[in-house]
Amino acid sequence: MDTHEVFNQVPPLVGHDTAADPALLEGLEREGAGWAADEIHELGRLAGSAEAQSWGRLAERVPPRLHTHDRYGHRVDEVEYVPAYHQLMETAVGHGLHAAPWADDRPGAHVARAAKFMVWSVDAGHGCPISMTYAVVPALRASPELSARFEPLLTNREYDPGLADAATKRGLIAGMSMTEKQGGSDVRANTTTATPQAGESDGSYRLVGHKWFTSAPMSDMFLTLAQAPGGLSCFLVPRVLPGGERNAMRFLRLKDKLGNRSNASSEIEYDGATGWLVGEEGRGVRTIVEMVNMTRLDCVIGTAAGMRTSLVLAVHHARHRSAFGKTLIEQPAMRNVLADLAIESEAATTAMMRLAGANDRAIRGDEGETAVRRLALAATKYYVCKRGPIHAAEALECLGGNGYIEDFDAARIYRELPLLSIWEGSGNVAALDALRAIAREPHTLDAYFDEVGLASGADARFDEAVARLQKEFTSFDDIELRARRIVEQLALVFQGSLLLRHSPAAVADAFCATRLDRDWGGALGTLPTGLDLAPIIDRAVVA
């Protein structure tokens, strides 16, 4: 006999278009990639389908498994994934979320890729090898011979898993193997050695050492840092050597992580592995700078995607759940929270799309956009990725106890977002990098103030925030101690300028009334009275 009736439960959020995001679509047009809208909507509808969402949940709930040996005792060093993971990868590669834009001459190709990377938000873990494959291309171009050999396969839209000689495959995936246990972000402390192989005509090196984090270990190749005779250098290390022999890479274990579980982060040893020099000896850090620019942008994209998904889940829940005689979305306190979540999400997405546009134009040789990207990206990576977990926690709370249960998606998003603040430079590293850019390339600060100055006079609170920020640079005493405060202000003023210029007045007004107000406490759901919340929340509703 049934003891209860199930009612007042929220229906599953399926069958929607994750690309139905006004801030994303407006940015797509503004940054010159409106031509990609149809494909982005196609991918968004797939991402919103029950099938794709089940792929994401399954890939995360059944994590990859390491096999160091086969059943006969032969060393294999392979990682096994569930089929759902490969379906996610095939979709991402097929839609060009990996390195495909490098083979596309159309202006806005990298903007379109950023938008697609955001809407394909069903699983964060498989995004790691997709991101690294995208980022490896500009670094690899430091060695034209290697670039000519591998770039066509890295940019090809065919996913070809399994270990084989790269020359025999239809497409390639790349990974990264940089940090070591004694150094972490201080890669100059690396102890892995690279010795030229005497008698080899291909200019290869022999690598010996231990790597603390090697992401996506079933990738076809990796960029790695090692100490060569001329200093810290960058190398391309394949999993399989020409001719089919496995390279001497030994997998010790997979990391047991808080989130990002579908991605196999591994600890490895190079036991005389073969690698080829990328760039010049002693210039390894400089060689990978362009790679870092790309992966830092992807950290911002991933965080913006997590914010948008959390927001949509929260609004969907509030529209369908009733309490105390009203739907949650009709309750004033909940409306304040939802509107604030929406403001945070729109600010992140709008900044991300502006940076994607700067990235696209910088790649095409625009020096002014290169300068904007250099400082604004470092500041935005710091701030947006710091706000991601806070935003996810508040959105999770909108679902009440259900948000804390793994049957719902809010908990998974909450576990994912701290990684994006850590990856490619945790908080202090990102903040200090922004200050380093100002010290070494003063024109980047000029370019930044020229950019935000485009909103000058639009709002008195914004103008006051710009003036306060400029005062931070009148003295450089204790600037490292002030690093986080300065870089947070850089990010907020950048976001404010974009919202004032491009977003609805209600969004910009609410942003300036909180994020640029010196009395704002920083907690979400503390918007002051007198703001128009309805149009802010409406931008978060999906059909």
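Miscellaneous remarks
- Qualifying residues in the range 215-247 (those that are within 17 Å of residue 174 (Cα to Cα) and of a type in the set (Gly, Ala, Ser)) - the one surrounded by the fewest Cβ atoms within 10 Å (Cβ to Cβ): 215
- Within the range 108-123, being more than 18 Å from residue 377 (Cβ to Cβ) and in contact with a Ser or Thr (Cβ under 8 Å, 6 or more places away or on another chain) holds for 119, 120, 121, 123.
- Yes/no for residue 364 being modelled with pLDDT of 95 or more, surrounded by fewer than 24 Cβ atoms within 10 Å (Cβ to Cβ), closer than 23 Å to residue 317 by Cβ and of a type in the set (Lys, Arg): no
- Residue 268 among the aliphatic types (A, V, I, L, M) and not in a helix (DSSP H, G or I): yes
- Selection of the range 474-510 for residues being over 11 Å from residue 347 (Cβ atoms), in contact (Cβ under 8 Å) with a residue 40 or more places away in the chain and β-branched (Val, Ile, Thr) yields 479, 486, 487, 493.
- Matching residues in the range 351-379 - criterion: being touching a Lys or Arg at 6+ places or on another chain (Cβ under 9 Å) and of a type in the set (Val, Ile, Thr): 370, 372
- The lone exception for residue 96 - which of (1) surrounded by 21 or more Cβ atoms within 10 Å (Cβ to Cβ); (2) part of a helix (DSSP H, G or I) it fails: (2)
- Looking across the range 157-173 at every residue that is without any contact (Cβ under 8 Å) to a residue 60 or more places away in the chain and touching a helix residue (DSSP H, G or I) at 6+ places or on another chain (Cβ under 8 Å), the one that is surrounded by the most Cβ atoms within 10 Å (Cβ to Cβ) is identified as 172.
- Filter pass, residue 419 being within 19 Å of the chain's Cα centre (by Cα) and part of a helix (DSSP H, G or I): yes
Let's see how each residue does on (1) outside any loop (DSSP other than H, G, I, E, B); (2) surrounded by 17 or more Cβ atoms within 10 Å (Cβ to Cβ); (3) aliphatic (A, V, I, L, M):
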| position | (1), (2), (3) |
| --- | --- |
| 494 | yes, yes, no |
| 499 | yes, yes, yes |
| 507 | yes, yes, yes |
| 516 | no, yes, yes |
| 527 | no, yes, yes |
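- Among the candidates 476, 449, residue that is over 26 Å from residue 342 (Cβ atoms) and in a helix (DSSP H, G or I): 449
- Screening the candidates 10, 6, 14 for the property of being over 24 Å from residue 113 (Cα atoms) and free of Cβ contacts under 8 Å to residues at least 40 places away in the same chain yields one hit, 6.
- Checklist (1) aromatic (Phe, Trp, Tyr); (2) surrounded by fewer than 22 Cβ atoms within 10 Å (Cβ to Cβ); (3) in contact with a Phe, Trp or Tyr (Cβ under 9 Å, 6 or more places away or on another chain) applied to residue 205, failing item: (2)
- Scanning the range 452-473 for residues that are in a helix (DSSP H, G or I) and either touching a residue at least 60 places away in the same chain (Cβ under 8 Å) or aromatic (Phe, Trp, Tyr) (or both) gives a single hit, 462.
- Among the candidates 123, 105, residue that is without any contact (Cβ under 8 Å) to a residue 40 or more places away in the chain and over 25 Å from residue 241 (Cβ atoms): 105
- Scope the range 328-364; condition in contact (Cβ under 8 Å) with a residue 24 or more places away in the chain and outside any helix (DSSP H, G or I); matching residues: 364
- Screening the range 36-91 for residues that are assigned to a helix (DSSP H, G or I), in contact (Cβ under 8 Å) with a residue 40 or more places away in the chain and hydroxyl-bearing (Ser, Thr, Tyr) and picking the one that is surrounded by the fewest Cβ atoms within 10 Å (Cβ to Cβ) gives 91.
- Strands (runs of 3 or more DSSP E) enclosed by the range 149-257 - at least 3 residues per element that are outside the structural domain of residue 81 (by TED's automatic domain parsing), within 29 Å of residue 412 (Cα to Cα) and modelled with pLDDT of 95 or more: none
- For the range 441-471, the candidate set comprises residues that are among the acidic types (Asp, Glu) and more than 16 Å from residue 513 (Cα to Cα); within that set, the residue that is surrounded by the most Cβ atoms within 10 Å (Cβ to Cβ) is 451.
The values are calculated or read from the model by the stated rules, or taken from the named source; none is laboratory data. It should be emphasised that the depicted structure is a prediction, and the values quoted were computed from it without experimental measurement. Please note: Cβ atoms are built from the backbone with ideal geometry, for glycine as well, and neighbour counts cover all protein chains shown.
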